[in-house]
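Right, one structure below, let's go through it.
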Amino acid sequence: MAGGSIFVISDTHLGLVPSPDERRKGVVCEPEKLGQFINWLIRLENGEKTKIKLGPWGAGRKEKVLKPPDKLILIGDILELWDAPDRSIEFCSRPIFDLFQRMNCEKIYLLGNHDYDLKPITGVYPSGERTLSIIEDCYPSQNGNEEGEKKGKVLTLSKGDRDYLFVHGYQFDRIFRFQPWKLLPGIRSGALAFGRYGDLFIGLLALGIAVAVLNPILMQYFPLSYLGLNLTFLDSVLSLLSVFGNAGLILLWAILGGPRIFYLYGRKIWNRLVGTRYNREASIKGILGWWRRFSKGKTVTSRNLRIVYGHTHLIDAVLPDELNKYNRKKERVNITALNAPAWVKDWSEKHRQKLRAVSLYIDDEDELFIGWDWNQEKPFLVPIEAVIELSLIHI
């Protein structure tokens, strides 16, 4: 890995497009900004020289010459396979993956919770001059490697004097420790299978429930014979409607229309009841808990370990001293956690401004958060020191 660099991107959620309702924009992907950035990486590979100003954070250096990438690591939720329709995923992602094909570096695609549906196709695929590898849990994979590393040892990627583990970050979230969320891609498939016809099943389900509830009440308290009328036609209509209240049909409409209801309204209800605001303390505890489970029974040789993750959509950096404040074990862990932010615009969290379109850059000398200025189409430094200060202000 000497000589080049690693770029890390997280949470692009390609396929999330704006809602026609201006009041419900929610989270929206920004493939045009991501496309600019990937085009710049291609130019960097082809010899373009790019310098960024380091300011007072340069340890005596005024600027940094960025090195071309040896690896591009996509740490999950690159595609939106929960809430986005297939057509929007296709239109948003195809140009981006065409750009990936033009990159000479190795591409690693680590699955997140929103693109976990790709698990059946984990493996290595041709992608331009170098391959694209789809990996399920973490990178490097802990199942041994071609160099014959033993199982039972925590495998890391070394760069300079640092060792790295890359995960999406849902592993730190206590909600996602429960496995039912892995059923969501199947629910989405069921919701999209009938297209807009799914709305018909929702209507039939609502009608069936209404008839089942109201028909006994009408027959008990408002029988037609009570009116002294012989309404044969109306009797026939009511008899026909009563068919829709059949328990078997209601179950059928629920099976056919339920996924569509969940697809349309499940996320909105969840966000309103539970919310999505980042809980920094819970995240730190989640990292420690995951690390205890992950490293249990394994040999850890790294003394300067970085865990790089996404998932929260927010930029953050947690240094070892802060991490150990929440460590219940007596043995100190020398881990720095680096949280890469999302490449989406989010209208759902209005409580603070959010820094987006940022990648993590790693080479033998430095690890830097690199922001992308989409107006001037060039990178800029996001100092880790400033990230830490910002995170502490907003907890």
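The values are calculated or read from the model by the stated rules, or taken from the named source; none is laboratory data. Computed from a predicted structure; not experimentally measured. Cβ sites come from the backbone with ideal geometry, for glycine too, and all protein chains shown count toward neighbours. These area figures cover heavy atoms from the full protein model, side chains too; ligands, DNA and RNA do not enter into them. Shrake-Rupley method; radii C 1.70, N 1.55, O 1.52, S 1.80 Å.
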Legend entry - Subset of the range 99-135 that is without any contact (Cβ under 8 Å) to a residue 24 or more places away in the chain and under 21 Å from the mean Cα position of the chain (by Cα) - its residue that is least open to solvent (accessible area, probe 1.4 Å): G123
Legend entry - Positions within the range 127-164 being among the polar types (S, T, N, Q) and at pLDDT below 80, in sequence order: N143, N145
Inset, instruction - Would you please name the residue that is most open to solvent (accessible area, probe 1.4 Å), looking only at residues in the range 165-205 that are at pLDDT below 85 and not in a helix (DSSP H, G or I)? - result: R196
Legend entry - Positions within the range 348-368 being modelled with pLDDT under 95 and of a type in the set (S, T, N, Q), in sequence order: S348, Q353
Inset, instruction - Within the range 31-59, track down each residue that is open to solvent by 50 Å² or more (accessible area, probe 1.4 Å) and either among the hydrophobic types (A, V, I, L, M, F, W, C) or within 17 Å of V382 (Cα to Cα) (or both). - result: K51, K53, P56, W57, A59
Inset, instruction - Test L81 against the criterion of being assigned to a loop (DSSP other than H, G, I, E, B), open to solvent by less than 50 Å² (accessible area, probe 1.4 Å), within 28 Å of T299 (Cβ to Cβ) and not basic (K, R), and give yes or no. - result: no
Inset, instruction - Take the range 243-252 and flag every residue that is surrounded by 15 or more Cβ atoms within 10 Å (Cβ to Cβ) and at pLDDT below 80. - result: F244, G245
